[in-house]
Amino acid sequence: METGVLFIGSQSDCKAFIRKFECYYIYILRRPDGRPFYIGKGRGERVFHHENEARHANNRKSNAYKLNVIRAVLSAGGTISYEIDSFHEHEAAAHEREMQLIRAIGRLHEGGPLTNLAPGGGSERGASPSSKLRHSATLSGAPADNPERAAINTFVTGIAPMNSVVIKPASQFIAKATQQYPSKTMKPSLRQAVALAASAASNGILLEGECMIPRKVVIDDVDGLIENGVSCDIVTSNLGFLVAAETPSEECFRLSAQQTKIVIALLGAQKCIDLGILRP
């Protein structure tokens, strides 16, 4: 979908441009290669708040996936491009345009490049009801009336299609200590890589060199854990080394530089960049 492109450029030039207007505007944040990763509605200097947030600890108060992308771009020496799509006198019209763009371009779990948690239009967060319903029924018979499971499944299936659960809501299962299967061998799999990538995205971790990936995740305000079987598969396949803890929820997986490369190869570099866990 073509955007309005009333302005596109650097942060400093964008500041000079929007000072001329006092109404609502729709903005698009773009990666250095031009691909959009976030769409929002604002007034004044709202569009610049995201980059400021990315320079500080998140503390779960903002969209981790959006901040991951910004941090990855900045740490690679790149810059965020700022686009102003349109101006609106009335907030309702701005909301409508925001929703239109998000729907047309698509969020990560819908196969698009956007890190938006909400479908726009003033929604606070979370996938649209239709996508939640659709995805909640795809993994291991998850019921449509289980919003915590639906939120996690929606994000996970946006990384790659899964036939079974890789992350579960922490409140809905008993986590067991991870251990290597004593008489079983296996190769690293896409299922294992998706679980590690989801945690990396949730926790703001770059897949570069050696890294430490927690078993604990927070997705759309839902506390989750990498599922027991997947955790055991990760250490059995040698895709990650277990860092044990007193409680299973505090376990981590230590990945060497070579293991990190395997995760990226299984997922594809572009998907990792879109998630903000690999520098562009």
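The values are calculated or read from the model by the stated rules, or taken from the named source; none is laboratory data. Every value quoted in this text rests on a predicted model; they were computed, and no experiment measured them. With ideal geometry, Cβ positions are generated from the backbone for all residues, glycine too; neighbour counts draw on all protein chains shown. Side chains are part of the model used for accessible areas, which takes the heavy atoms of the whole protein and leaves out ligands, DNA and RNA. Shrake-Rupley method; radii C 1.70, N 1.55, O 1.52, S 1.80 Å.
Quick look at the numbers
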item: Verdict on I105 being among the β-branched types (V, I, T), open to solvent by 30 Å² or more (accessible area, probe 1.4 Å), in contact (Cβ under 8 Å) with a residue 12 or more places away in the chain and touching a strand residue (DSSP E or B) at 6+ places or on another chain (Cβ under 7 Å); result: yes
item: Single residue of I226, I262, I273 found to be within 28 Å of N146 (Cβ to Cβ) and not small (G, A, S); result: I226
item: D223 being in contact (Cβ under 8 Å) with a residue 24 or more places away in the chain, in contact with a helix residue (DSSP H, G or I) (Cβ under 6 Å, 6 or more places away or on another chain) and open to solvent by 30 Å² or more (accessible area, probe 1.4 Å); result: yes
item: Test: residue in the stretch 230-245 that is acidic (D, E), open to solvent by 10 Å² or more (accessible area, probe 1.4 Å) and under 27 Å from F173 (Cβ atoms); result: yes
item: Tabulated pairs, the stretch 57-84, first at pLDDT 85 or above, second hydroxyl-bearing (S, T, Y) and not in a loop (DSSP other than H, G, I, E, B), C-beta under 6 angstrom, 6+ apart or interchain; result: K66/Y38; I84/Y25; I84/Y27
item: Check on V69, part of a helix (DSSP H, G or I), β-branched (V, I, T) and over 19 Å from the mean Cα position of the chain (by Cα); result: no
item: Pick from the stretch 247-280, criterion part of a loop (DSSP other than H, G, I, E, B) and closer than 13 Å to R215 by Cα, ranking: most open to solvent (accessible area, probe 1.4 Å); result: T247
item: Contacts under 8 angstrom Cβ, first residue in the stretch 22-40 being of a type in the set (G, A, S), partner in a strand (DSSP E or B) and open to solvent by 20 Å² or more (accessible area, probe 1.4 Å), 6 or more apart; result: G34/S81
item: Residues that are assigned to a helix (DSSP H, G or I), within 14 Å of C252 (Cβ to Cβ) and either open to solvent by 40 Å² or more (accessible area, probe 1.4 Å) or among the hydroxyl-bearing types (S, T, Y) (or both), drawn from the stretch 173-207; result: S199, S202, N203
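Residue-by-condition table, conditions (1) of a type outside the set (K, R); (2) over 16 Å from the mean Cα position of the chain (by Cα); (3) open to solvent by 40 Å² or more (accessible area, probe 1.4 Å):
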{"position": "I28", "(1), (2), (3)": "yes, yes, no"}
{"position": "D33", "(1), (2), (3)": "yes, yes, yes"}
{"position": "F37", "(1), (2), (3)": "yes, no, no"}
{"position": "V47", "(1), (2), (3)": "yes, yes, no"}
{"position": "T79", "(1), (2), (3)": "yes, yes, yes"}
{"position": "S86", "(1), (2), (3)": "yes, yes, no"}
{"position": "H90", "(1), (2), (3)": "yes, yes, yes"}
